[in-house]
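For reference, the structure is listed below as structure tokens.
Derivation of every value follows stated rules applied to the coordinates shown; laboratory data play no part. The structure displayed is predicted, hence computed values, not measured ones. Glycine gets a Cβ as well: all are built from the backbone with ideal geometry, and neighbour counts include every protein chain shown.
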Amino acid sequence: MSHLLTLQDLSKAFFGVHAVQGVTLNIPEGAVTGLIGENGAGKSTLMNMIGGIHQPTSGSMYWRDTPYTPRDTAAATETGIAFIHQELNLFYNLTISENLFIDGFPKRLGLIDRKAIDSRTRELLKLLDLDLAPDTLLGELSPGERQLVEIAKALHREAELIIFDEPTTSLTPREIERLFEVIDRLRSNGKTVIFISHVLGDVERLCDHIAVMRDGQLVAEGPTSDFGIPEMIQAMIGRELSALFPDRTAQPGAEIVAEAINLTQPGVMKDVSFQIRSGEILGLFGLMGSGRSELARVLFGLDPVASGEIKLGGKPLSGGPQARIRAGLAFVTENRREEGLLMDAPISDNLSLVSISRFGRTPLNLVDRPGIAQATADISDQVTLKAGDISVQPAKALSGGNQQKVVIGKWLMEDPRLFILDEPTRGVDVGAKYEIYTLADRLAAEGGAVLIISSELEELMGMCDRIMVMNQGEIIDTFAEKPWSQKAILAAAFREVAA
Amino acid sequence: MNTDLSRLALRNATILIFTAVLVLFGLVAPGFLSPENLFNIVKQSSFIGIAAIGITFVLLTRGIDLSVGSVMYLGPLIAGFAMRDYGVGVAGGFAVAILAGLAMGAINAFFIVRLGIAPFIVTLATLFFFRGAGTWMTSSRQFDFDREMLDFGLSSVAGIPVPILLFALALVIAHLTLTRTTFGKQVYAIGADPEAAKKAGIRTGTIETGVFLISATTASVAGFVLISQIGRLDVAFGEGREFDVIAAAVLGGASLFGGVGTAWGTAVGATLIQTVKTGLIFSGINLYLQPIALGLVIFVAVLLDSLRAWRLQVSQRRAIRAEVAD
């Protein structure tokens, strides 16, 4: 098989520290290559060199056996390389066709030739089986549709190599299915794909070849048939991970910490009732759009509820988020980048954000800086944060897993009774996942109650005492018996039983 | 059904306020809705309107231009000197006003794009700087134009006054630029997501330079058009007008957060402000209360705008259960 792109002993050092070291890799043409590795393994740096964002410190690249030295991203685009990032490069206020042509429109009489761009766009959308009018505003599309538009853009630029960086994190299962069909089609049309993902099951399913990176080096490579998921994990972390999940250290107690009684909101949910006891981890599973995140928002007082009651420690919970935080509720959102963290602020500021009012010193209520420094240092130890000077380093400089620890850590100061974790391990690598699970276990062991909302059934089965399943705003069933029946839980989520 | 209707109303909030204002003043002051008066309102709107169309480009890219009030003063002043000392005539003066506007826009753009200083700071500084330059040139005396300037300002083509023609011309050019050129589309793209725009290969510096050139040029032309109807230029001319101009654009649906706005909407916004001003005079409201009344209208319109954004967001929230349909 011929190689589209060859990397020869490629290295990149930042300030003398190697981010990528001596990588030699062939990307076969017309196939899907999976690239996996923990956060910080050097995948992004490697891709940035291919994309022309970083220049290699040493080594060389060859595109169809001729030397390839991109100076910038435009050069990479010119060569035929397209990137599809987690955060899409699209504009909500332009139409689909305008988005495709944003770097250069065909003109007629000095003005944009709308007919030409619309007909070309229609062609490309048809290739992707996307039934949308070219003049639809991008802002009206779902995340999955937007991603297909990004792929259409790559096709429009006649890309030969399309690099997907964590493409599935914001998609529903159905959209993921559709994306994979499209990737299959790209492959059968002779396009070459590099697929970067933490979801190893997807990698196994989709890829022809797999390359594994660790600490800047290529540690394993070969056809997918040589790898199983355990082998992938072992190659990624360099040791055998005895288990994906930590052992639970506590059993649920008798005390009911939180209780929801017949929560109903027209159009959103109906008769949602459940109880969580101290020391318990309760899982909430449902497909995208089942109402699981909406339930979390209702519990936290962000969205209204027409009838029903929420009790915490036996007392009814009311008011907005502020009052509920005081009552002992903590909420880690599914969208930590936008809702959970001040990305540019130092880590310590993020950690003290929720409890800042505790550090007021009378009489002027000035902020007690030494007190905050002490408290935030304690918290960062508790959550085993891997960071430099937390009073200086901004949150955005942390890896995804460590960011999530900061989000969880900022609630710890309040000693919450009920912790709601919404998709706590999304976009987080295997090692950091384990640490987040350990943290959840400790929250429960210390007498708190934890509600984990997730679309990854495996992690709920690994961590929870009970699993509730939601569909269309209703609790369909609650599972408590171990071993879990994955089939029964999925059936409930798809509502095959009730339908 | 009900939600559809309220969504439609919110989408067209400016037009609805406009209609309400017209009806209200029409009832209070007979003669307000007469064709001559409405015509007059459009004519008087052209001053703020032309400048507001220009600043819409800046707002679309998430920028702000506070210097337009001073540009309205300095641009026509330089044109006046050229007409008096070099005899370039009104057409020449108009060209000089355009060039002066481009130059002032280039000064703003240099500091904003090249040196990376926030537009708010740069244009706040040039607000003082441009007016200061004019005060120095005139020793803060009034500048009188020749009769030919007034002849131009009060002339009509095919029965349509020149200020209205220029207002319409600015609107058509701006509309075509925003909807049918690469530059226009890239302006929207930068407003939506500056980082993504850079990654998409858009030359953001060039586009940003362009919008500040446009804003200053339209402000200078707007000043020239109004001065040509007055015939003289005093030192306070255009002072505080930056707020009228920004308010007109925001009334017309432009967002101060960038990415949202149209030339057409801004023109409606400018006309709405002038309609309220004229209406207040017509209905004989206490002169000293009029700024408060005008402020209230702007406040209500901007409030409705944020209400609209919020309502639209709520109404487009996905429904999980089917019962919401009934």
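Kindly write out, for the stretch A:119-128 in residue order, the coupling ³J(HN,Hα) from the Karplus curve 6.51 cos²θ - 1.76 cosθ + 1.60 (θ = phi - 60°), rounded to whole Hz, with x marking Gly and Pro.
Running phi through 6.51 cos²θ - 1.76 cosθ + 1.60 with θ = phi - 60° gives 6, 5, 5, 4, 4, 5, 5, 5, 4, 9 Hz.
With an 8 Å cut-off on Cα pairs and a minimum separation of 6 or more residues, tell me the relative contact order of chain B in percent.
Normalised by residue count, the contact order of chain B is 34 percent.
Where the centre of each part is set by its Cα atoms, how far does the stretch A:10-70 sit from the stretch A:166-215, in angstrom?
19 Å
With only Lys, Arg, Asp and Glu charged, each at its Cβ (+1 for the first two, -1 for the last two), find how big the charge dipole of chain B is about the Cα centre; round to the nearest 20 debye.
800 debye
What is the log10 of I(q)/I(0) for the stretch B:99-140, computed with the Debye formula using one identical point scatterer on each Cα and no solvent, at q = 0.15, 0.16, 0.17, 0.30 Å⁻¹?
-0.38, -0.43, -0.48, -1.00
Whole angstrom only: what separates the Cα centroid of the stretch A:256-315 from the Cα centroid of the stretch A:130-151?
33 Å
Under 5 Å between amide H atoms, partner at least 5 residues away or on a different chain: which partners does residue A:211 have, H built in plane at 1.01 Å?
Correct list: A:34, A:35, A:36.
Grab the other residues whose beta carbon is less than 14 angstrom from that of residue B:104, score K and R as +1, D and E as -1, and report the net. Don't skip to the answer; put the middle values down first.
On the way: positive: B:131; negative: B:65, B:242.
Value of the local net charge: -1.
Shape of the stretch A:288-445 from its Cα gyration tensor (a ≥ b ≥ c, root eigenvalues): rounded if a/c is under 1.5, otherwise prolate when a/b > b/c, or oblate?
Oblate shape, in that a/c is at least 1.5 and b/c is the bigger or equal ratio.
Inside 10 Å of the C-beta atoms of A:96-103, what's the mean count of C-beta atoms belonging to other chains?
4
Place +1 on the Cβ of every Lys and Arg and -1 on the Cβ of every Asp and Glu in the stretch A:134-282, take the dipole about the Cα centre, and give the residue among A:143, A:207, A:278 whose Cα lies farthest towards its positive end.
Highest projection toward the positive end goes to A:143.
With N residues in the stretch A:3-237, what two-decimal value do you get for its Cα radius of gyration over 2.2 N^0.38 Å?
1.04
Looking at A:223, B:237, B:248, which one has the Cα that reaches farthest to the positive end of the dipole of the protein assembly as shown (charges on Cβ: Lys, Arg +1; Asp, Glu -1)?
Toward the positive end, the furthest listed residue is B:237.
Sequence neighbours fewer than 8 away in the same chain don't count; with that in mind, list the lysines whose C-alpha is under 16 Å from residue A:191.
A:153
Filter A:410/B:199; A:126/A:433; A:12/A:396; A:107/B:198 down to the pairs with a C-alpha to C-alpha distance above 29 Å, please.
A:410/B:199; A:126/A:433
With +1 on each Lys and Arg Cβ and -1 on each Asp and Glu Cβ, and nothing else charged, work out how big the dipole of chain A is about its Cα centre, in Debye to the nearest 20.
Working: 48 positive and 67 negative charges, 174 e Å.
In debye, rounded to 20, chain A gives about 840.
Provide a whole-number value for the mean count of partner chain Cβ atoms within 10 Å of the Cβ atoms in peptide A:258-270.
Neighbouring Cβ atoms belonging to other protein chains average 2 per residue here.
Over 20 Å, how big is the tail of the calculated P(r) for the stretch A:357-499, in percent of all Cα pairs?
57 percent
Taking only the alpha-carbon atoms of the stretch B:2-317, what semi-axes of the equivalent ellipsoid follow from 5 times the gyration tensor eigenvalues under a square root, in whole Å, largest first?
30, 27, 17
Name the lysines eligible as straight-distance cross-link partners of residue B:277: C-alpha to C-alpha under 20 Å, and not fewer than 8 places from it in the same chain.
Correct list for residue B:277: B:43.
Once you list every other residue whose beta carbon is under 15 Å from the beta carbon of residue B:141, what net charge do they have if Lys and Arg are +1 and Asp and Glu are -1?
Charge balance near residue B:141 sits at +1.
Take peptide B:192-198, look around each residue's Cβ out to 10 angstrom, count Cβ atoms belonging to other protein chains, and average those counts.
Counting other chains' Cβ atoms within 10 Å and averaging over B:192-198 gives 4.
I need B:221, B:68 ordered by Cβ neighbour count within 10 Å, fewest first.
Fewest-to-most ranking of B:221, B:68: B:221, B:68.
To check you understand DSSP bridge types, tell me what percent of the beta bridges within chain A (both residues inside) are antiparallel, rounded to 5.
Values: 45 of 80 bridges.
Rounded to the nearest five, the antiparallel share is 55 percent.
Just add up the charged neighbours of residue B:69: K/R +1, D/E -1, any other residue whose Cβ is under 9 Å from the Cβ of residue B:69.
Here the count lands on -1.
Using square roots of five times the C-alpha gyration tensor eigenvalues, list the equivalent-ellipsoid semi-axes of chain A in whole Å, biggest first.
Working: eigenvalues 335, 153, 116 Å².
With the √(5λ) rule applied to chain A, the semi-axes are 41, 28, 24 Å.
Please report the antiparallel percentage of the DSSP beta bridges confined to the stretch A:3-237, to the nearest 5.
Close to 60 percent.
Name the residue from B:115, A:197, A:488 whose Cα lies farthest towards the positive end of the charge dipole of the protein assembly as shown, charges +1 on Cβ of Lys and Arg and -1 on Cβ of Asp and Glu.
Farthest towards the positive end: B:115.
Sorting B:218, A:249, B:181 on the 10 Å Cβ count, fewest up front, what's the list?
In increasing order of surrounding Cβ atoms, one gets A:249, B:181, B:218.
Using θ = phi - 60° and the Karplus relation 6.51 cos²θ - 1.76 cosθ + 1.60, list the HN-Hα couplings for the stretch A:424-441 in order, rounded to whole Hz, with x at every Gly or Pro.
x, 10, 5, x, 10, 7, 4, x, 5, 4, 4, 5, 5, 5, 4, 4, 4, 4
Of the listed peptides B:272-281, B:33-42, what is their order by residue-averaged count of other C-beta atoms within 10 Å, with the highest listed first?
Top to bottom by mean Cβ count within 10 Å: B:272-281, B:33-42.
Taking a cut-off of 21 Å between Cα atoms, list the lysines near residue A:270, but don't count ones fewer than 8 places away on the same chain.
A:311
Explain nothing, just the number: relative contact order of chain A, from Cα pairs under 8 Å at least 6 residues apart, as a whole percent.
Details: 973 pairs, mean separation 74.8, N = 499.
Answer for chain A is 15 percent.
Based on alpha-carbon atoms only, what is the radius of gyration of the stretch A:36-164 relative to the globular estimate 2.2 N^0.38 Å? Write out the running numbers ahead of the final one.
Values: Rg = 16.5 Å, N = 129, 2.2 N^0.38 = 13.9 Å.
In units of the globular-protein estimate, the stretch A:36-164 measures up at 1.18.
Go through the stretch B:249-259 residue by residue and turn each phi into a ³J(HN,Hα) via Karplus (6.51, -1.76, 1.60, θ = phi - 60°); whole Hz please, and just put x for glycine and proline.
3J(HN,Hα) across the stretch B:249-259, in whole Hz: 5, 5, 4, x, x, 6, 9, 6, 8, x, x.
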